[in-house]
Amino acid sequence: MKLLMIYVKKFSYTPTIKTLENFEDHTEGKTFENALVGFIQVEEHDTEKEILKVEKNLVKNLKWGARKNDTNLVILHSFAHLSESKASPEYTKQIFDLAEKRLQNANYETAQTPFGYFLDLEVNAPGFSQARMFKSF
C-alpha cells in the first residue's frame, strides 16, 4: 500500500467523470476544513495479506498523521497514481469501508471521496514538514 497524507486547511471535491460503473453514483461535491486527507493506493500484494491486517495498518498510519496535525477529521481518497501495482477496485473499496468504520469507532470524523470517479480537487495545504507524509507498507 502507498499512502500520501496531506494535512489541509481546506479540501474540496466535485465529481466529474464516473470511471467505474459498479459503484454508487455521485453528483454533489463537498468541502472540508482542518482535515487529514489520505491519498491511498491499495496494491496487488495487499490482497495476499489478511484484509483486517491491511486495514488496521492503514488506520494506524492515518491516526498517527491526524494526531501529528491536531485534527480529528480524516478523508479517504482513492489515488491510484502512487504505484504501478493496483488491487481490484472491489478490494480497495472494501479496505476503505473497513478503515472508515474503525476510524469512526475510535471517535474520528471521516469521509470518503466518491469512489470510481475523476474529481476536480481544491487543496489548500500549509507548508510545514508534518503537513505532508508518505508511507509505503
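The values are calculated or read from the model by the stated rules, or taken from the named source; none is laboratory data. Note that the structure is predicted; figures quoted are calculated from it, not measured. FYI the Cβ positions are ideal-geometry reconstructions off the backbone, even for glycines, and counts take in every protein chain you see.
On the basis of being assigned to a helix (DSSP H, G or I), within 23 Å of GLU33 (Cβ to Cβ), in contact (Cβ under 8 Å) with a residue 60 or more places away in the chain and polar (S, T, N, Q), does GLN130 make the cut? Criteria met by GLN130.
Quick one: which residue in ALA80, ALA99 is of a type outside the set (Asp, Glu), outside any helix (DSSP H, G or I) and within 12 Å of the chain's Cα centre (by Cα)?
Values: ALA99 fails: outside any helix (DSSP H, G or I).
Selected residue: ALA80, the only one of ALA80, ALA99 that is of a type outside the set (Asp, Glu), outside any helix (DSSP H, G or I) and within 12 Å of the chain's Cα centre (by Cα).
Looking for whichever is surrounded by fewer than 17 Cβ atoms within 10 Å (Cβ to Cβ) and out of contact with any Ser or Thr (no Cβ under 6 Å at 6 or more places or on another chain) here; the options are ALA80, ALA106. Which one fits? Write out each step before concluding.
Working: ALA80 fails: surrounded by fewer than 17 Cβ atoms within 10 Å (Cβ to Cβ).
After ruling out the rest, the residue left standing is ALA106.
Given the criteria among the basic types (Lys, Arg), within 17 Å of GLY65 (Cα to Cα) and buried (at least 16 other Cβ atoms within 10 Å of the Cβ), does LYS135 qualify? Yes: the conditions hold for LYS135.
Looking at ASN34, ASN124, ASN69, ASN22, can you tell me which residue is at pLDDT below 95 and over 19 Å from LYS2 (Cβ atoms)? First the steps, then the outcome.
Working: ASN34 fails: at pLDDT below 95; ASN124 fails: at pLDDT below 95; ASN69 fails: at pLDDT below 95.
One residue alone meets the criteria, ASN22.
Within the range 1-25, the set of residues being surrounded by 18 or more Cβ atoms within 10 Å (Cβ to Cβ) and either small (Gly, Ala, Ser) or over 23 Å from TYR91 (Cβ atoms) (or both) comprises ILE6, TYR7, VAL8, PHE11.
Cβ-Cβ contacts under 6 Å between residues 6 or more apart (or on different chains), taken from a first residue in the range 93-116 that is at positive phi to a second residue that is of a type in the set (Val, Ile, Thr) and at pLDDT 95 or above, are listed as GLY116/THR19. Tallying residues that are charged (D, E, K, R), crowded, with 21+ Cβ neighbours inside 10 Å and within 13 Å of the chain's Cα centre (by Cα) within the range 26-68 yields 1.
Taken over the range 5-58, the criterion of being in a strand (DSSP E or B), more than 19 Å from TYR117 (Cα to Cα) and among the hydrophobic types (A, V, I, L, M, F, W, C) is satisfied by MET5, ILE6, VAL8, ALA35, LEU36.
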